1. Local charge sum around ALA37 (other residues, Cβ-Cβ under 11 Å, Lys/Arg +1, Asp/Glu -1)?
2. Could you order ARG128, ARG118 so the one with the most accessible surface comes first? Probe is 1.4 Å.
3. Which whole-number value in Å² is the accessible area per residue of segment 108-165, probe 1.4 Å?
4. From the convex hull of the Cα coordinates of segment 82-165, what is the mean projected area in square nanometres?
5. Expressed in nm², what is the orientationally averaged projection area of the convex hull enclosing the Cα positions of segment 54-96?
6. Which shape class applies to segment 10-157: rounded if a/c is under 1.5, otherwise prolate when a/b exceeds b/c and oblate if not, where a ≥ b ≥ c are the square roots of the Cα gyration tensor eigenvalues?
Amino acid sequence: MRPPRPEPVGAGQESVWDYPRPPRLEHIDRRIVVEFAGSVIVDTTDVVRVLETSHPPAYYLPIDAFAPGVLRRGEGTSFCEFKGQAAYFDVALHGRIAPRVGWTYPEPSRGFEDLAGRVALYPGPMDRCTVDGEIVTPQPGNFYGGWITSDIRGPFKGVPGSGGW
């Protein structure tokens, strides 16, 4: 299936169709706040984002920046051809549990070493995720964990019919 035509990009915006494959890591100076079960579970400016063609960025945050006890080792693993073997986290707080909503690369592949000690989250199961105060929209579909903000343009992989992009 042929990828769609990229949406127009305005001043200060990025197109996911300009992101590379294999993905690129960027240390960025942006504030990420995540709320779950009515509480802030992480608030940090120590952020690495991963940029990959057709995907909104995934934000990797230091594991030790999360509120104590919120991250619990989840079940299963998966493999990324670029980043390596992923392990999962559940997020749990105040009796609420969101299974397998975070992932980490304990021993990332060469070139992705900066992801060690960091976790990314699917924004959909969280109460709210913000980037510099802007509320994030989750990437479509249930497989990918990108965060959509007003400065990111698509279309984004994950919508129906995008499996062959």
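The values are calculated or read from the model by the stated rules, or taken from the named source; none is laboratory data. Just so it is clear, the model here is predicted, and its values are computed rather than measured. All Cβ positions, glycine included, derive from the backbone under ideal geometry; neighbour counts span all protein chains shown. Surface areas here come from the heavy atoms of the whole protein model, side chains and all, with no ligands, DNA or RNA. Shrake-Rupley method; radii C 1.70, N 1.55, O 1.52, S 1.80 Å.
1. -1
2. The ordering from most to least exposed comes out as ARG128, ARG118.
3. That works out to 46 Å² per residue.
4. That works out to 7.0 nm², a quarter of the Cα hull's surface.
5. Over all viewing directions, segment 54-96 projects a mean Cα-hull area of 4.4 nm².
6. Oblate shape, in that a/c is at least 1.5 and b/c is the bigger or equal ratio.
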